[in-house]
Amino acid sequence: MSRVADVFIGAVAAGFGAFLIIASRSYTDLGAAFPRAVGLSMIVLGIILMAARLIRRRSSALLPALEGSMARRALFVVIISIWGVSLPWLGIVLASVVGIAGLTLVSNFSRWNARRILVHIVGHAAIFAFFYGLLAYGLQVPLPGGRIF
Amino acid sequence: MELVGYAAAAATPYNLLLAFIGVTAGVVLGALPGISSTFAVAVLLPTTFTMEPVSALIFLGAVYTGSTYGGAYSAILVNTPGTPQNIATTFDGYPMARRGDGNLAITLACLASVVGGLVGAVALWAVAPPLARVALAFGPIEYFWLAVLGLTMIASLSEGNLVKGAISGCLGLALSLVGVSVVSGDTRFAFSSPALVGGINLVPAVIGLLCIPVLIDLVAVPQPHLKQEGTVGGYRLREALRICRRGWVTLTRGSLIGTGIGVLPAAGGSIASLVSYSETRRASRRPEAFGSGEPEGVLASESANNATVGGGLIPTFVLGIPGTPADAVILGALLIHGVRTGPSLFTERAPLIYTFIFGLLIATILMLPVGLLMGRYAYGAIVSVPKTFLVPLVAFFTIIGSFAIHNDVNDVVAMLVLGLFGWLIGRVGIPAAPMVLGLLLGPIAEQGFGQGVIIGTATGSVWAQFFGRPIALAILALIVATLFAPYLLRRYTRRIAA
Amino acid sequence: MKLRGWLLAAATTSFAALSGAALGYPEKPVVFVVPYGPGGPSDLGARVMQPAFKNATGHELVIQNRPGAGGATAWSQLNSMPGDGYTTMLTAMPHIILQPVVNQPSGYETEDITIVLVYGYLPEVLAVPKASKFQTVKDLVAAAQASPGRITIAGTGVGGGNHAAQALFDRAAGVRTAYVPFKDTASGNAALMGSQVDTAWTWLSQGLTLKDNIRMLAVASEERVALAPSLPTLKELGYNVTSGAWWAVAVPKSTPENLRRQVSQSFAKVIQDKQYQAKMSEFGYVTMAITYPAVSDFVKQKTSEYRPIAQQIKAKK
């Protein structure tokens, strides 16, 4: 980890701690005790982190470098976010179709052919139907229905 | 001779079938992230209305104990605790699975769960009334110190950089402050958003912080999710039994801690397994191995959480106060069946209670074959299924699991935001596990503190409350030991070496 | 006598309602959102209602637990749910009257909640540990007068029914006690049984089930309760305090008028179930049915009763 990054983290932590303390001004004494204690701890920890890097000029243990594709990571985050956030509008079935299809593509590293596509469509449909049935009918988990459809 | 009668009553084909169905259903439901033990028991409660009280209890007890073990599957295989009781199982279970020892970890979890479950059930049988009295001696101050003891674990979860681990723990504590405060009634850090008034829920936060980072890194590379050595099918039972024999102290300690903490009404299985994990690590001769796939870590966590099943039923039966959230539902079942709780339950309703305890023992033993067999399939499925199936399916469960716990889309959003945040802080060397710890223990610490201050102010001395009670002082001594033991141990070994 | 009046009125309205009930509702399972976790007193009542609902309507009553902020999480989301008659929510008074005043911002106002049926009442009781030196309310009041602010009294949360009872009682008895809020009924009761606090405000159902370890001093209902006939009411002891929790069924604001009536009448029919009533009265609950639209007057009356107390709790905070 680079020194600059650690100094930055320390500053952010200390800043967040200060925010906790400032935000707790409007609370009752009892309600403000913990925010103040946590805020103060974060300020102290942030300063220690910054001081250690600035004075001792040593960086903390190195993290393994990121392997693989950043684009796939970003796409994953985008697709799962769409999946989760669209639930109230699309409903569980449609949102999951979008999500499962998207994540299948993102996590795929082999060449597609007709057979593989068919296996995936049938497989995903069967797995989804099973768990949907278990949750919605077996356990009566009220799954989100759509607003649009 | 009465006991034989109770055992026979518990072992009728009907009750055996119920115990079997209960354990199997429990394992499956527990393995699904977001389906907690409480949820599993509550959702199956209406099916027991028409049963005899003892059969209803055996069934619900079997579901509870099965789900507490089943949660270990997802904890070990995808770093997502199936129920909150399995949080500590992820610490070493997932690293074990990563290096190809997932089947071993699942077998160990099964053996540990059976041992813990048996110890808890025997405690329920033998020492319920005296243990229940201990539970009553636990006041707000004791809960406060117990939560602080749990927080000292941050040190052991910090993988190298203590300061960053502590920052993560503080972030978790800060998250636990969001929403209406129990002791002061202030609405804190809600930014006028109704979604935040209720606070950040534990289950979605844990799923997000622990599972989403795994998925994010999983899609980036073509390598399989878990390393695989040799054949997939093996139980590695012989190896697991050897580890258990060597780790009998860990199993015993975990079972006793689980029983003891299960008895405490405001603690529960997640804290029991965390405390057991932390105590095991402290006592270990190789504490540095914990967190990177130490089998004893799985033994510690899984023996403790299943021991809370029997332990938690102690105050439920003796006092009418549920020991864990799932026990609240079981208590409801008792009330619905017109069974009055109290110490008299063990005398006046002895046939009911002892038959049930035998039933619970049977269900716990059934967990061995059922758990091993299902664990084998769960492991086989996760190892052999291609990523293009695994990723969408696990993602589906992160979403549905977060949603199902409170039927709230806001929880899904919280899960996703915390998931991305967990990945980001991981990239700058801040571990996510201490954050989970802070979120879990923050409310217990704060409520105990606030109640202690109110009571202390009323009775004239806050100091006497916090430092003048024997149990509180004993926990305080443990905290000091946990914090300074590694340091003292290092000095001691250095002196020996010199 | 007010309660009996309400019950009578309720009985007549619900009879009238039943005979005129429109057919065709419900046609599918009805969701009943419980704003607390599984296993609590409210959740338990709802789960006992499940088989009765099935018997009366032929459809399932699906319970959704949506706990958080003492119920406020669910109540603040009520009006964003579909008003199709198949989404209903358990509501508790005086909680929905106290919270918007005491816990600002709580995300909703009392007037946002559309109650279509009040179906149950659970009285509150003043209880002490079994070993307590307080044998009567008089002992307790004497001790509280001798050392103001020294008597600790447990209850669930800030701005809930227990807190209101504590404020009402302090005012009626002219004493000052220290209120200690707990996260749920069970942990407050555990603290009471372990003598961590001197006394507690809790529910009659708890007082009855925990009677091996706690002693009820008085009940805050209008009349003595059948399950504990020797237990005096605060009123007869000279403290003008009646308090408890009233359970109600609420629907989203967008639910049309005719559906509101149908929901109200269906649930009113459900709670006539013999087994349901037997179970509930065993727990200490009073089954009642105040149907829509008469129920609005009841809600208004409770609101005007409890709002001053809410203001008082807020001022002391």
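No lab work stands behind these numbers, since they all come straight from the coordinates. It should be emphasised that the depicted structure is a prediction, and the values quoted were computed from it without experimental measurement. Every residue, glycine among them, receives a Cβ derived from its backbone with ideal geometry; neighbour counts consider all protein chains shown.
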TODO: Starting from the alpha-carbon convex hull of chain C, give the projected area averaged over all orientations, in nm².
DONE: 14.7
- [ ] Pop out the Kirkwood hydrodynamic radius of the protein assembly as shown from its pairwise C-alpha distances, inverse of mean 1/r, in Å to one decimal.
- [x] 28.7
Open item on the list: Of the candidates C:Pro123, C:Pro35, C:Pro256, which one comes out as most mobile in a Gaussian network treatment of chain C with C-alpha springs shorter than 10 Å?
Closed with: C:Pro256
TODO: Nearest 5 is fine: what % of DSSP beta bridges in the protein assembly as shown come out antiparallel, could you say?
DONE: 65
Task: Karplus-derived HN-Hα couplings along the stretch A:2-12 (A = 6.51, B = -1.76, C = 1.60, θ = phi - 60°), whole Hz, x at Gly and Pro - done: 6, 4, 4, 4, 5, 4, 5, 4, x, 5, 5
Open item on the list: Restricting to Cα pairs below 8 Å that are 6+ residues apart, what does the relative contact order work out to for chain B? Please round to a whole percent.
Closed with: 28
Open item on the list: When 1/r is averaged over all different Cα pairs and the result inverted, which Kirkwood radius in Å belongs to the stretch B:1-70?
Closed with: 12.2
TODO: Would you mind ranking A:His120, C:His59 so that the residue whose beta carbon has the fewest other beta carbons within 10 Å leads the list?
DONE: C:His59, A:His120
TODO: Would you tell me the mean number of C-beta atoms belonging to other protein chains that fall within 10 Å of each C-beta in B:32-44, as a whole number?
DONE: 3
TODO: Could you grab the relative contact order for the stretch C:84-216? Cα pairs under 8 Å, six or more apart, rounded to a whole percent.
DONE: 32
- [ ] Could you pull out every whole DSSP H run in chain B that spans at least 15 Å of Cα extent along its own axis and averages 1.6 or higher on the Kyte-Doolittle scale?
- [x] B:13-31, B:102-126, B:202-218, B:325-336, B:350-384, B:387-406
Open item on the list: Quick check: Cα centre of the stretch B:440-461 to Cα centre of the stretch C:242-264, how many Å?
Closed with: 38
Task: Test item: C:63-75 mean partner chain Cβ contacts at 10 Å - done: 6
Open item on the list: Among B:27-39, B:410-422, how do they line up by average Cβ neighbours within 10 Å per residue, starting with the highest?
Closed with: B:27-39, B:410-422
Task: Prolate/oblate/rounded call for the stretch C:151-254, Cα gyration tensor, a/c under 1.5 rounded - done: rounded
Task: Two-site FRET efficiency, A:Arg116 against B:Arg238, from Cβ-Cβ distance with R₀ of 30 Å, rounded to 0.05 - done: 0.15
Task: Other-chain or far-sequence residues with amide H under 5 Å of C:Ala218's (modelled H) - done: C:Leu126
- [ ] Work out the mean other chain Cβ neighbour count within 10 Å for the residues of A:100-106 and drop it here as an integer.
- [x] 5
TODO: Arrange the following residues from fewest to most other Cβ atoms within 10 Å of their Cβ: C:Trp201, C:Trp75.
DONE: C:Trp201, C:Trp75
Open item on the list: Quick one: the Cα spread of the stretch B:301-409 along its three principal axes, in angstroms, biggest first?
Closed with: 58, 37, 25
Open item on the list: Compute the angle between helix A:29-56 and the longest alpha-carbon principal axis of chain A, please, reported from 0 to 90 degrees and rounded to the nearest 10.
Closed with: 80
Open item on the list: Compute a Gaussian network model of chain A, connecting alpha carbons closer than 10 Å, and tell me which residue from A:Val98, A:Val78, A:Val119 fluctuates the most.
Closed with: A:Val119
Open item on the list: Once you place label points 7 Å from the Cα toward the Cβ at C:Thr136 and B:Ala137, how far apart are they in nm?
Closed with: 3.6
Task: FRET efficiency for B:Val221 and B:Arg285, using Cβ-Cβ distance with R0 set to 35 Å, rounded to 0.05 - done: 0.45
Open item on the list: Going through the cross-link list C:Lys133/C:Lys235; C:Lys133/C:Lys302; C:Lys130/C:Lys314; C:Lys133/C:Lys211; C:Lys28/C:Lys253, which pairs have a Cα-Cα distance over 25 Å in this structure?
Closed with: C:Lys133/C:Lys302; C:Lys130/C:Lys314
- [ ] Express in whole angstrom the spacing between the alpha-carbon centres of the stretch C:29-104 and the stretch B:241-286.
- [x] 38
- [ ] Can you grab the distance from the C-alpha centre of the stretch C:281-310 to the C-alpha centre of the stretch B:317-341, Å, no decimals?
- [x] 28
Task: Principal-axis tilt of helix C:257-270 within chain C, Cα atoms, nearest 10 degrees - done: 60
TODO: Averaging over all projection directions, find the projected area of the Cα convex hull of the stretch C:215-317 and quote it in nm² with one decimal place.
DONE: 9.2
Open item on the list: Run the numbers for A:Leu54 and A:Val98: contour at 0.36 nm per residue of separation, minus the present Cα-Cα distance, in nm.
Closed with: 11.0 nm
- [ ] Send over the per residue convex hull volume for the stretch B:225-341, Cα only, as a whole number of Å³.
- [x] 148
Open item on the list: Taking amide H atoms as placed 1.01 Å from N in the peptide plane, list the residues 5 or more away in sequence, or in a different chain, whose amide H sits under 5 Å from that of C:Thr156.
Closed with: C:Asn162, C:His163, C:Phe182
Task: Rh (Kirkwood; distinct C-alpha pairs) - the stretch B:342-498, Å - done: 22.5
TODO: Take the Cβ-Cβ distance between C:Arg150 and C:Asp297 as r, set R0 to 35 Å, and report the resulting FRET efficiency rounded to the nearest 0.05.
DONE: 0.25
Task: Phi-based couplings in Hz for the stretch C:33-43 (Karplus 6.51, -1.76, 1.60; Gly and Pro marked x) - done: 7, 9, x, 10, x, x, x, x, x, 6, 5
Task: Gain on full stretching of the segment that runs from C:Asn240 to C:Asn55 - 0.36 nm per residue minus C-alpha separation - done: 62.5 nm
Task: Prolate/oblate/rounded call for chain A, Cα gyration tensor, a/c under 1.5 rounded - done: oblate
TODO: Please label the shape of the stretch C:83-134 as rounded, prolate or oblate, based on the square roots a ≥ b ≥ c of the eigenvalues of the alpha-carbon gyration tensor (a/c under 1.5 means rounded; beyond that, a/b larger than b/c means prolate, else oblate).
DONE: oblate
- [ ] Please go through the stretch C:115-167 and write out the trypsin sites (Lys or Arg not before Pro) that DSSP classes as loop and that have at most 10 other C-beta atoms within 10 Å.
- [x] C:Lys133
- [ ] Enumerate the amide H contacts of C:Leu117 below 5 Å, restricted to partners 5 or more residues apart or on another chain; note that Pro and chain-start residues carry no placed amide H.
- [x] C:Val249
Task: Proxy reagent accessibility, fewest Cβ within 10 Å first, across C:Glu111, B:Glu302, C:Glu305 - done: C:Glu111, C:Glu305, B:Glu302
Task: Spacing of the two label points (7 Å from each Cα toward its C-beta) at B:Ala474 and B:Phe49, in nm - done: 4.4
